[in-house]
Amino acid sequence: MKKFSDIAIIIPVFHDTSECCALINYIRSWEQQPREIIVISGEEDTELYGFCTDNGCAYYSTHACRGAQLDMGAKFSTAPILWFLHADSTPHYSSLSDITTAHKEECDGGHFKFKFTGTRSWKKIFFEYLVSLRIRLGGIPYGDQGLFMRRQNYFNCGGFYHQSLFEEVNLVRKLRKKSRFRSLKTAIGVSPRRWQKKGWIKQSLINRSLAIRYILGVPAEQLALRYDQIDSRLKLNKNQETDV
């Protein structure tokens, strides 16, 4: 018999319908279940709407902006604990229990350990170590690490900024200052597709460059536009190489 937790899972989706459906199927196989799964699409998606309806999930759509999508999901939630997941993530099957245990131990929120999915390699292990080191030195854990928190604290700290990049930075900073925010030992699977597609070093340099510029005050939407331009240029170069 399934056990239900006081946790709402919120998943923003944009052009990753198949990944979201796979994630929901995976979650529905767990012994412990969330109180609710809320999917916020960045576009009208009839396929995803039908899938959510068939699998007991709430579906909403809005404009494509991850911060706005996440915030909408939080506002539609009713559970006292919020857990935000990327559609292409692979959380451990014990994650709901781990979050519940953490809150019983007076933890107000936190995140999971960053770990790439797929076959292990020295590149994955090395870059996982760099992420872990950055966070231990005070860096911000990003959304791909499965941020969770008490619903009341989410709204007290202002929620996610309505922007497409670094929407979680200000929220996590406030949560760290105003509550007990913990790094869990349980890993969450992170898709390596961006690193594999663009190159491990190149993707990491892009990430750091964007983060530094954001810290220096460059608007997030300007950075998001720049990131899209880099992505388009890399796709063009790859296509040209294929045509040669």
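Bear in mind these aren't lab numbers, they're just calculated from the coordinates by the rules spelled out. These numbers were taken from a predicted model, which means no experiment stands behind them. Don't worry about glycine lacking a Cβ; one is built from the backbone with ideal geometry, like all the others, and counts go over all protein chains shown.
Computed quantities for the displayed model
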item	result
Proximal aspartates and glutamates to K3, defined as alpha-carbon separation beneath 15 angstrom and excluding residues fewer than eight positions away on the same chain	E31, E36, D98
Prolate/oblate/rounded call for the stretch 155-203, Cα gyration tensor, a/c under 1.5 rounded	oblate
For the chain, Cys with no neighbouring Cys Cβ under 4.7 Å	C20, C21, C65, C107, C157
Residue-averaged [θ]222 nm for the chain, counting only DSSP H segments that reach four residues, each worth -39500 (n - 2.57)	-15000 deg cm²/dmol
DSSP loop GluC sites (Glu not before Pro) with at most 11 other Cβ within 10 Å: longest gap in the chain	107-244
Cβ-based net charge around R28, under 14 Å, with every Lys or Arg adding one and every Asp or Glu removing one	0
Environment charge at A68 (Cβ cut-off 15 Å; Lys +1, Arg +1, Asp -1, Glu -1)	-3
The chain: relative contact order as a whole-number percent, Cα under 8 Å and 6+ apart	20 percent
Ranked D71, D98, criterion: other C-beta atoms within 10 Å, fewest first	D98, D71
Formal net charge of residues neighbouring C107 (Cβ-Cβ distance under 11 Å; K, R +1; D, E -1)	0
Within straight-line cross-link reach of K115, lysines at Cα separation under 18 Å, skipping those fewer than 8 residues along the same chain	K123, K124, K185, K197
Three principal axis lengths of the stretch 3-191 [C-alpha, angstrom, descending]	43, 40, 35
